[in-house]
Amino acid sequence: MCVKSSDHQVDNQTEHPTKHGGVALTIGNFDGVHLGHRALIDRCRSRVGPDGKVIALAFHPHPMAYLNPDHAPEPIEAYAQRADRLMRMGADQVIELKPTPELLGKSPQAFVDELIDEYQPSLIVEGHDFHFGKRRAGTPVVLKELAGLRGVKVEIVRPVEIALTDQSVVIASSTITRWLLANGRVRDAAFVLGRPHELVGEVVAGDQLGRTIGFRTANVATDSMLPRDGVYAAIVTMPCGRQIGGAVNVGARPTVQGTHRRAEVHLIDRDGSPMDMPQNTPEYGWPIRVGLVGWVRDQVKFDSVETLSGQLSRDVKRVAAMVEPLLTGESVGASV
């Protein structure tokens, strides 16, 4: 992976850094919490130092859910995961912003004044594509002008560029992350996110077909965005924190006449053998995190369950080979 703007540089209009201390504020959707978002949090922290406070105001749901529901983007993950990731990156506080008609209808001036009055920031940090206020009339230039009138500095962080496996270079964004996931490119999505995309959820009851053909699976109920239908290699984090391999099937399972998309994971040991669950582990209801690290194949409708079983055996062997270097600490892609 290549992050081209590695130092998260800011534009040349900001010449005098904020003194350490005070409050640094950043506002956005933060969906997926990718490397572009990390750049914002890092800049905030570098400006206010360890004694200052970094506040992230996160819209939830996406403003388009109110403005144009039919075109609202699918969330990459649940709000709770977003907030947790922002805190782990260095935010001291994550505040949920409800995109109500009243809030979205404020003029840029009213929007900025309300933020400054409520949070008393010494600095606001935003990305190059930040828009705010009624009809998204507020731009980074407008933000600098309005905040400057109140004595608040504004820094605009340059885009973070990522080189993908096909050598194309993209700007880290939630939009490109969704596109990559929708096309099954989970490894490239991991480069943009700075980690594998995770299906975070709970193990729930399924139709129990897998155990009848020797491939018992854990069905994952999740609010995380599912990638394109197919089979994937994954690193699975168990409730105890242990990480093991997993072969993940995403889709409606056409061979057995499935009717809705879902994710199910076959837990494997390093040699590809089925993973034995610890004694006293409940069959359902336990939390699971499934980090998607690689694409294996498209979903196919097989002629019979026997043919499917044979293919699953080959899938598991391939998945074991893909995840084993990650489980032993070797670097084969984006960091986990």
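A few comments on the model shown:
- Annotation note: of ALA78, ALA56, ALA65, the sole residue that is buried (at least 20 other Cβ atoms within 10 Å of the Cβ) and touching a residue at least 24 places away in the same chain (Cβ under 8 Å) is ALA56.
- Pair list, Cβ < 9 Å and 6+ apart or interchain, from the stretch 296-313 residues that are in a strand (DSSP E or B) and polar (S, T, N, Q) to residues that are exposed (fewer than 15 other Cβ atoms within 10 Å of the Cβ) and at pLDDT below 85: none
- Residue ID - farthest from ASN68 (Cα to Cα), chosen from residues in the stretch 133-158 that are surrounded by fewer than 20 Cβ atoms within 10 Å (Cβ to Cβ) and small (Gly, Ala, Ser): GLY151
- When residues of the stretch 269-315 are limited to those that are modelled with pLDDT of 95 or more and among the β-branched types (Val, Ile, Thr), the one nearest to LEU226 (Cα to Cα): VAL290
- Among the residues listed as LEU97, LEU67, the single one being among the aliphatic types (A, V, I, L, M) and touching a strand residue (DSSP E or B) at 6+ places or on another chain (Cβ under 9 Å): LEU97
- Residue within the stretch 112-130 that is touching a His at 6+ places or on another chain (Cβ under 6 Å), at pLDDT 95 or above and surrounded by 15 or more Cβ atoms within 10 Å (Cβ to Cβ) present: no
The values are calculated or read from the model by the stated rules, or taken from the named source; none is laboratory data. Computed from a prediction, not measured in an experiment: that's the story for all the values here. For neighbour counting, all protein chains shown are included, and Cβ atoms are generated from backbone atoms with ideal geometry for every residue, glycine included.
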